[in-house]
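Data first, discussion second: the structure below is written as structure tokens.
The values are calculated or read from the model by the stated rules, or taken from the named source; none is laboratory data. Note that the structure is predicted; figures quoted are calculated from it, not measured. Glycine also receives a Cβ, built like all others from the backbone with ideal geometry; neighbour counts cover every protein chain displayed. Remember, those area values only see protein heavy atoms, side chains included, never the ligands or the DNA or RNA. Shrake-Rupley method; radii C 1.70, N 1.55, O 1.52, S 1.80 Å.
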Amino acid sequence: MLFCVAYTIHKLIRHNNQLCRYGEEEFTMIFPGMLLMEIENAINRIKDAISRISFTSEDNPVFNVTASTG
């Protein structure tokens, strides 16, 4: 699951942005040279893309995850 989320984020950020794993289920992103409005737009695109990923498990046939930011 974390690999899919990280891959999705990586596809959506610019080549000079940084994506790092922080803790067990957390990521940190660094957006050098971007305006706050651009960062907010990027974060919203990322959150939308993550919520559209469908996962399956033995207990729950299909489920989605969401992301919180701050």
Check your understanding: Met37 versus (1) loosely packed, with under 10 Cβ neighbours inside 10 Å; (2) aliphatic (A, V, I, L, M); (3) assigned to a loop (DSSP other than H, G, I, E, B): which is the lone unmet condition?
Key -> (3)
Review point. Val65 fails exactly one of the following numbered conditions: (1) surrounded by fewer than 10 Cβ atoms within 10 Å (Cβ to Cβ); (2) under 15 Å from Tyr7 (Cβ atoms). What is the number of that condition?
Key: (1)
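Here is a yes/no grid of residues against (1) of a type in the set (S, T, N, Q); (2) over 9 Å from the mean Cα position of the chain (by Cα):
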| site | (1), (2) |
| --- | --- |
| Met1 | no, yes |
| His15 | no, yes |
| Gly23 | no, yes |
| Ile30 | no, yes |
| Met34 | no, yes |
| Ile46 | no, no |
| Ala49 | no, no |
| Thr56 | yes, yes |
**Study point:** Tally of residues being open to solvent by 50 Å² or more (accessible area, probe 1.4 Å), in a loop (DSSP other than H, G, I, E, B) and either at pLDDT 90 or above or acidic (Asp, Glu) (or both) across the range 42-61
**Key:** 4
Practice item. Looking only at the range 15-62, count how many residues are within 13 Å of Cys4 (Cα to Cα) and in contact (Cβ under 8 Å) with a residue 24 or more places away in the chain. Key: 5
